[in-house]
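The values are calculated or read from the model by the stated rules, or taken from the named source; none is laboratory data. Note that the coordinates shown come from a computational prediction; the quantities given were computed from them, not determined experimentally. Virtual Cβ from ideal backbone geometry, glycine too; neighbours counted across all protein chains shown. The accessibility values were calculated without ligands, DNA or RNA, using every heavy atom of the protein model including side chains. Shrake-Rupley method; radii C 1.70, N 1.55, O 1.52, S 1.80 Å.
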4 protein chains.
Amino acid sequence: MAEPRFQRRKEDRPAEITQAALAAFAEKGYAGTRVDDVAKRAGVSKGLLYLYFKTKEDLFKAVIRSFLSPRIDALISNIEETELSAEEFVRGPFLEFATSLPKSPAKILVRLMIAEGPKHPDLIAWYWDNVVSRALDALRTLIKRGVDNGEFRKSALDEFPQLLITPIFFSMVWTLLFQPHTDLDTDRFIEAHVEMVLDSIKVKYQ
Amino acid sequence: MAEPRFQRRKEDRPAEITQAALAAFAEKGYAGTRVDDVAKRAGVSKGLLYLYFKTKEDLFKAVIRSFLSPRIDALISNIEETELSAEEFVRGPFLEFATSLPKSPAKILVRLMIAEGPKHPDLIAWYWDNVVSRALDALRTLIKRGVDNGEFRKSALDEFPQLLITPIFFSMVWTLLFQPHTDLDTDRFIEAHVEMVLDSIKVKYQ
Amino acid sequence: MAEPRFQRRKEDRPAEITQAALAAFAEKGYAGTRVDDVAKRAGVSKGLLYLYFKTKEDLFKAVIRSFLSPRIDALISNIEETELSAEEFVRGPFLEFATSLPKSPAKILVRLMIAEGPKHPDLIAWYWDNVVSRALDALRTLIKRGVDNGEFRKSALDEFPQLLITPIFFSMVWTLLFQPHTDLDTDRFIEAHVEMVLDSIKVKYQ
Amino acid sequence: MAEPRFQRRKEDRPAEITQAALAAFAEKGYAGTRVDDVAKRAGVSKGLLYLYFKTKEDLFKAVIRSFLSPRIDALISNIEETELSAEEFVRGPFLEFATSLPKSPAKILVRLMIAEGPKHPDLIAWYWDNVVSRALDALRTLIKRGVDNGEFRKSALDEFPQLLITPIFFSMVWTLLFQPHTDLDTDRFIEAHVEMVLDSIKVKYQ
DNA sequence: AATGAATGAGGGTTCATTCAT
DNA sequence: CATGAATGAACCCTCATTCAT
């Protein structure tokens, strides 16, 4: 019944701490989170936390880096390797990805990025290089494929692939802020947008 | 309506402080801003600041409340009083409003709302009641008018007027974060989106 | 009877704090002294201390700089302006200065310098420039005057004026360390040394 | 006297640690030295270090005790067993000892003693009993022998044998502090002092 | 009304020491 | 014996807030 006060679990610690930190940052924001709290959440002493992360900022960066990125990696390789037509891909895997994001903790990360980003330019840079620009390229590839296929006509989407993901951001931010005041059905919202985009760029006949 | 020629004596003190606070919060975020700095920026002593605002949080709320809202009020009354057709209004006043926002300090307010909102639910509530829901209603009115006019067909936009403003938020957040890494032409981006929406909902012929 | 919690005494604060800090550092050394304690000793809040001294190190430097130096300044100007013969000066004012030092708080400063000096090279440099090298020059002047007068013969003291002050340092360090174990009569010890030196350099007859 | 050829297997662990600790303390002082660092320097784990030394303070005392003392032991027995005249001894072995000290790590120990001594009275006591008072006695013996021999006249040195070692301390402290700012030739400085002392106490003629 | 000196709770970080492995 | 992961008490410093002037 006596739980040992010491537990050596070197392997798992960083992930556990990172997990706990995400939860804490999500609730209180960066400044509002006390390192003590993160440690407590992780079931760990403050000292140990500092063994794995040199500073609170370090911890924050580790949190940001370790989430979201895998998800996007999956989407990207999916785009590259799929055998679906462009429209099928958009209606299938892309839509699934798009609608899942606002329900995931990614939402929280977006908040943190927006809130704290300006103070951590290197973090933004890392994100741009490793996540955003790659995702953008993948989207461009997908759209170009549709155009080359004759599925899509040439459109502003060629230049602004962001037009496709606009409602994802919006949903995340909207629910983050106004959840108690409204209940946006993000799935249908995003679907409607995608439908609208497809409607606008699909080659209609013949 | 006659503007008093001499003013700015005293007693727009609160406004001056609020102004200074916006600048400070914009630069450093809420937690990163020291009350001292705000006072210095406003050319006022710390003590005086506390005469007008009971706490730092109070000051923050005053800042948030005093900006953005007038702008939206204008848009709303514009919608209500315009004699333009729905499409003309979207292409005209709405687009102008939409493209101007990402260049204005509103961007910063959005950041502050996202960053600090969760800690200030009453602020969010105030915003919802006084700004967001009213703006949403106005948009709905506008769209409904278009449908009633026979300009627009029935569409998801009826339920989700947000589909129209999606790229405004996106532009603001995007430039906030990735300004140094990319240069999104927000004007053309937003125009492209609006065009796409109109393309999708306009009754095409006959 | 109720003492006001706040007391505005801007002028006196730095000196009071510096005073308290000397006492604290003397008792516990630099590392062993808590800023809190210094504040308490000075009857002041920790925060106020940081208003006047940016860091603990800053405070330490201020303490070191503000003591000892005036004492030596006096000796130096004394040497420059005296009308006594060299021997008279040594037996009179110099001896008085020399014997008083080991009983003064200077002892403590010497300890602090020795203990902490290596970590604060700029402090050492300041001391060298403002105190030590000037004192050395003054001593050299004094001895040279004696030689020029025909009071003293040429000797190693010309090159090493430090030979005169050797027992001062020794007395300070010795009592610092071994006070409880021995009772060196520093006055007579230093006198004996000075006598010995004079005996050795005085031109004896004719 | 036969030195065992193979050694250094294990179990001069304590000595190795003590060695490493001296180096560390010398560089950073007591408070500035991390136990971790000492362990690393000694090529040993922190846990093992704590096997040999119960606390950091313990380690510190061990360091202090293990150095300097052997050197002085040698001098003392030298004084007791020598067949040289008092003057010859002073000019020979004593001077050699005196000039070598300021160049040795003893200097560092002196610093540590001065800096940390007041916090470790038992260490001081140990030093007094085992090193200082014995050294003092030996010096007294030497001087008395000179007087009894008719080499020296009666003088203050009889009461204050410290007058002989004054410049040793001085040289150590001086170089410790002002090394970069001056270059005292400690050998010649100490020689000059000794010469002066002898000059003063030697029976001059017949 | 206006100032800014003064307060003190609170948070990030370090590091001597312990103990499971 | 040996390791180094884990603990937690301290300590420096900041800053929102108060109040004597």
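What number comes out for accessible area per residue over region B:13-64 if the probe is 1.4 Å? Units Å², please. Mind showing how you got there, number by number?
Details: 2530 Å² over 52 residues.
Result: 49 Å² of accessible area for each residue.
Can you list residues from other chains, or at least 5 along the same chain, whose modelled amide H is less than 5 Å from the amide H of B:Phe152?
B:Val147, B:Val203
Would you kindly find the accessible area of C:Leu109, with a 1.4 Å probe and non-protein molecules such as ligands, DNA and RNA excluded, rounding to the nearest 10 Å²?
Accessible surface of C:Leu109 is approximately 10 Å².
Using the Cα centre of the protein assembly as shown as the reference point, and only Cβ charges (+1 on K/R, -1 on D/E), how large is the resulting charge dipole? Debye, rounded to the nearest 20. Could the numbers behind the result be given before it?
On the way: 116 positive and 120 negative charges, 251 e Å.
I would put it at about 1200 debye.
Just to confirm the number: angle between the C-alpha axis of helix B:186-201 and the first principal axis of chain B, 0 to 90 degrees, nearest 10?
So the helix axis and the longest Cα principal axis differ by about 40 degrees.
Could you list log10 I(q)/I(0) for the protein assembly as shown at q = 0.10, 0.11 Å⁻¹, which the Debye formula gives when each Cα is one point scatterer?
Debye curve over Cα of the protein assembly as shown, log10 I(q)/I(0) at q = 0.10, 0.11 Å⁻¹: -1.08, -1.22.
With +1 assigned to the C-beta of every Lys and Arg and -1 to the C-beta of every Asp and Glu, and no other charges, what is the dipole magnitude of region A:66-105 about the Cα centre in debye, to the nearest 20? Each step should come with its number before you reach the end.
Working: 3 positive and 7 negative charges, 66 e Å.
Charge dipole, region A:66-105, about its Cα centre: 320 debye, nearest 20.
Can you pull out the buried accessible area for chains B and A, both sides counted, probe 1.4 Å, rounded to the nearest 100 Å²? List each step's numbers first, then the result.
On the way: alone 12390 and 12320 Å², together 20600 Å².
The buried area between B and A, both sides summed, comes to about 4100 Å².
To the nearest Å, what is the center-to-center distance of region D:142-190 and region C:135-161, using C-alpha atoms only?
Distance between centres, Cα-based: 20 Å.
For C:Lys56, list the aspartates and glutamates whose Cα falls under 17 Å from its own Cα; do not include residues on the same chain fewer than 8 positions away.
The qualifying aspartates and glutamates are C:Glu16, C:Glu27, C:Asp36, C:Asp37, C:Glu116, C:Asp122.
Add +1 for every Lys or Arg and -1 for every Asp or Glu among the other residues with Cβ under 13 Å from the Cβ of A:Glu16, and state the total. Provide the component values of the computation, followed by the final result.
Numbers: positive: A:Arg9, A:Lys10, A:Arg13, A:Lys40, A:Arg41; negative: A:Glu11, A:Asp12.
With Lys, Arg at +1 and Asp, Glu at -1, the neighbours total +3.
Please give the net charge around B:Pro118, taking every other residue with its beta carbon less than 15 angstrom from that of B:Pro118, where Lys and Arg add +1 and Asp and Glu add -1.
Numbers: positive: A:Lys28, A:Lys107, A:Arg111, B:Lys61, B:Arg111, B:Lys119; negative: A:Glu27, A:Glu116, B:Glu57, B:Glu116, B:Asp122.
For residues surrounding B:Pro118, the net value is +1.
Would you mind finding the longest exposed-site-free stretch of chain C, with exposed GluC sites (Glu not before Pro) meaning DSSP loop and at most 10 other Cβ atoms within 10 Å? Kindly include the intermediate steps, with their values, before the conclusion.
Numbers: sites that count: C:Glu11, C:Glu83.
Counting at most 10 other Cβ atoms within 10 Å as exposed, the longest clean stretch of chain C is C:84-206.
Quickly work out the D:Asp12-to-D:Asn130 label distance, labels modelled 7 Å from Cα along the C-beta direction, and quote it in nm with one decimal.
A separation of 1.9 nm, rounded to one decimal place.
Tell me, what ³J(HN,Hα) does each residue in region C:170-180 have, in order and in whole Hz, if you take phi through Karplus 6.51 cos²θ - 1.76 cosθ + 1.60 with θ = phi - 60° and put x for Gly and Pro?
Coupling constants for region C:170-180: 4, 4, 4, 5, 4, 5, 3, 8, 10, 2, x Hz.
All other residues with a Cβ under 10 Å from the Cβ of A:Ala98 taken together, and with Lys, Arg as +1 and Asp, Glu as -1, what is their net charge?
On the way: positive: none; negative: A:Glu96, A:Asp187, A:Glu191.
Net charge around A:Ala98: -3.
Any idea what the relative contact order of region A:67-201 is, in percent, if you count C-alpha pairs under 8 Å spaced at least 6 apart? Don't jump to the answer; show the numbers that get you there.
Numbers: 89 pairs, mean separation 47.1, N = 135.
The value is 35 percent.
So, R0 is 45 Å and r is the distance between the beta-carbons of C:Lys144 and D:Lys103; what FRET efficiency does that work out to, to 0.05? Don't jump to the answer; show the numbers that get you there.
Numbers: r = 30 Å, r/R0 = 0.67.
That pair, C:Lys144 with D:Lys103, gives E of 0.90.
How long are the semi-axes of the equivalent ellipsoid of region B:13-64, defined as square roots of 5 times the Cα gyration tensor eigenvalues? Whole Å, largest first.
Values: eigenvalues 40, 25, 20 Å².
Each semi-axis is the square root of five times an eigenvalue, giving 14, 11, 10 Å.
Would you mind giving the mean number of other chain beta-carbons within 10 Å of the Cβ of each residue in D:33-43, as a whole number? Mind showing how you got there, number by number?
Working: counts 0, 0, 0, 0, 0, 0, 0, 0, 0, 0, 0.
Whole-number average of other-chain Cβ neighbours for D:33-43 is 0.
Provide the FRET efficiency to the nearest 0.05 for the A:Leu51-A:Glu83 pair, computing r from the beta carbons and using R0 = 45 Å. Write down the numbers at each step before the final one.
Numbers: r = 47 Å, r/R0 = 1.05.
So, using R0 = 45 Å, E works out to roughly 0.40.
Loop only by DSSP, 13 or fewer other Cβ within 10 Å of the Cβ. Give me the chymotrypsin sites (Phe, Trp or Tyr not before Pro) in region B:168-206 that pass, ordered by residue number.
Answer by residue number: B:Tyr205.
Past 28 Å, Cα to Cα: identify those pairs from A:Lys40/A:Lys103; C:Lys40/C:Lys107; A:Lys40/C:Lys119; A:Lys103/B:Lys202; A:Lys103/B:Lys119, in the order given.
Numbers: A:Lys40/A:Lys103 26 Å; C:Lys40/C:Lys107 24 Å; A:Lys40/C:Lys119 37 Å; A:Lys103/B:Lys202 32 Å; A:Lys103/B:Lys119 20 Å.
Beyond 28 Å between Cα atoms: A:Lys40/C:Lys119; A:Lys103/B:Lys202.
How about region B:50-125: which trypsin sites (Lys or Arg not before Pro) there lie in a loop by DSSP and see at most 13 other Cβ atoms within 10 Å?
On the way: sites: B:Lys54, B:Lys56, B:Lys61, B:Arg65, B:Arg71, B:Arg91, B:Lys103, B:Lys107, B:Arg111, B:Lys119; in loops: B:Lys54.
Here the trypsin sites (Lys or Arg not before Pro) that fit, given the DSSP loop and packing criteria, are B:Lys54.
Find the eigenvalues of the gyration tensor of the Cα atoms of region D:67-201, then list the square roots of 5 times those eigenvalues as equivalent ellipsoid semi-axes, largest first, in whole angstrom.
Over the Cα atoms of region D:67-201, the ellipsoid semi-axes are 25, 19, 13 Å.
With angles folded into 0 to 90 degrees, how steeply does helix D:133-149 sit against the dominant principal axis of chain D? Use alpha carbons for both and round to 10.
20
Give me the inter-chain shielding for C:192-203: mean count of other chain Cβ atoms within 10 Å, whole number please.
Working: counts 7, 8, 0, 3, 11, 4, 1, 5, 8, 3, 0, 0.
Mean shielding by partner chains, rounded to a whole number: 4.
Nearest 10 degrees, 0 to 90: what angle lies between the long axis of helix B:56-66 and the longest principal axis of chain B (Cα atoms)?
40
List the residues of region A:99-115 that lose 40 Å² or more of accessible area once all protein chains are present, compared with their chain alone (1.4 Å probe, heavy atoms only, no ligands or nucleic acids).
Going by heavy-atom accessible area, the residues of region A:99-115 that drop by at least 40 Å² are A:Arg111, A:Ile114, A:Ala115.
Count, for each residue of D:172-182, the Cβ atoms from other chains sitting within 10 Å of its Cβ, then give me the mean as a whole number.
Details: counts 3, 8, 4, 0, 5, 9, 7, 2, 4, 8, 5.
Whole-number average of other-chain Cβ neighbours for D:172-182 is 5.
Pick out, from C:Pro93, A:Ser104, C:Asn149, the residue whose Cα sits farthest towards the positive end of the charge dipole of the protein assembly as shown, with +1 on the Cβ of Lys and Arg and -1 on the Cβ of Asp and Glu.
Final value for the positive-end residue is A:Ser104.
Please give the charge dipole size of region B:67-201, origin at the Cα centre, charges +1 on K and R Cβ atoms and -1 on D and E Cβ atoms. Round to the nearest 20 debye. Please report the intermediate quantities before stating the final value.
On the way: 13 positive and 21 negative charges, 87 e Å.
Using only the charged Cβ atoms, the result is roughly 420 debye.
Relative contact order for region A:13-56: what is it in percent, counting Cα pairs under 8 Å that are at least 6 residues apart?
Values: 26 pairs, mean separation 16.7, N = 44.
Reported relative contact order: 38 percent.
Let me test this: with uniform point scatterers at the alpha carbons of region C:135-206, what is the Debye-based log₁₀ I(q)/I(0) at q = 0.15 1/Å?
So the normalised log intensities work out to -0.57.
Restricting to DSSP loop positions (anything but H, G, I, E, B) with no more than 12 other Cβ atoms inside 10 Å of their own Cβ, which trypsin sites (Lys or Arg not before Pro) remain in region D:140-206?
Within region D:140-206, the qualifying trypsin sites (Lys or Arg not before Pro) (loop, at most 12 other Cβ atoms within 10 Å) are D:Lys154, D:Lys204.
How far apart are the B:Leu51 label points across copies, placing each 7 Å from Cα toward Cβ, in nm, shortest first?
Nearest first, the other copies' label points are 2.0, 5.6, 7.1 nm away.
Eigenvalues of the Cα gyration tensor times 5, then square-rooted: what semi-axes does that give for region A:2-91, in whole angstrom, largest first?
36, 16, 11
Kindly give the distances from B:His181 to its copy-mates, label point to label point, with each label point 7 Å from Cα along Cα→Cβ, as nm values to one decimal ordered shortest first.
Computed spacing set for this position: 3.1, 5.3, 6.6 nm.
Taking a point 7 Å out from Cα toward Cβ as the label site, list the nm distances between C:Gly92 and the same residue in every other copy, smallest first.
4.7, 10.4, 10.9
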